[in-house]
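Undergrad: Supplied in structure tokens, the structure appears directly below.
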Amino acid sequence: MKTRVRELRTAAKLTQQKLADLVHVSSRTIISIEMEQYSPSLMLAYRLAQVFGVTVEDLCCLAENKAREDQAYAEKHP
């Protein structure tokens, strides 16, 4: 799942470790989210959104991810 975590983290001048500490996860979790290899839980997404002062929808690129998912579904179910 695409997120804005890397973009927001670098704009806030936070290291991956510092962000991980703020939201109570490992730096590996932050790395995995930034590489789109891991989708954050709802609670983690909420914590990240709070740190950056954005909505969960904005943090998680809701519109874009929904469009991707809808497109993939449409291709499998014509």
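Undergrad: Looking only at residues that are buried (at least 16 other Cβ atoms within 10 Å of the Cβ) and among the aliphatic types (A, V, I, L, M) in segment 32-55, which one is nearest to R6 (Cα to Cα)?
TA: I33
Undergrad: Mind listing whichever residues of segment 7-21 are surrounded by fewer than 16 Cβ atoms within 10 Å (Cβ to Cβ) and in a helix (DSSP H, G or I)?
TA: Taking segment 7-21 as the starting set, the residues that turn out to be surrounded by fewer than 16 Cβ atoms within 10 Å (Cβ to Cβ) are 7, 10-13, 15, 17-18, 21.
Hits for segment 7-21 are E7, T10, A11, Q17, K18, D21.
The numbers here are math on the coordinates, done by the rules we state, and not lab data. Here the structure is a predicted model, which means the values were calculated and not measured. Reconstructed Cβ throughout: ideal geometry from the backbone, glycine too, with neighbour counts over all protein chains shown.
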